[in-house]
């Protein structure tokens, strides 16, 4: 029984080491791609994510009627009749 337990323990260690190496390869690949983009584009941050509200559309998609409490949802191709 001692040989089987030792063999199972070494197999478990190999599996953990294999997963750690795979994780390291994924992380190093991402860093290589990131640094490659920095070199190709010539920018310190080649990918920028906008988190502020500056990218919101300039109009609302809901058109409210002034004389009633109804609201119409505008879609592509909708004709908005605005009376002043």
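Based on the Cβ-Cβ distance from residue 51 to residue 28, what FRET efficiency comes out when R0 is 41 Å, to the nearest 0.05?
0.90
Please give the contour-minus-distance gain from residue 39 to residue 17: 0.36 nm per residue of separation, less the Cα-Cα distance, rounded to one decimal in nm.
Length gained, residue 39 through residue 17: 4.7 nm.
Coordinate-derived values only; no laboratory data. Because the structure is predicted, anything quoted here is derived from the model rather than measured. Cβ: placed from backbone, ideal geometry, glycine included. Neighbour counts: every protein chain shown.
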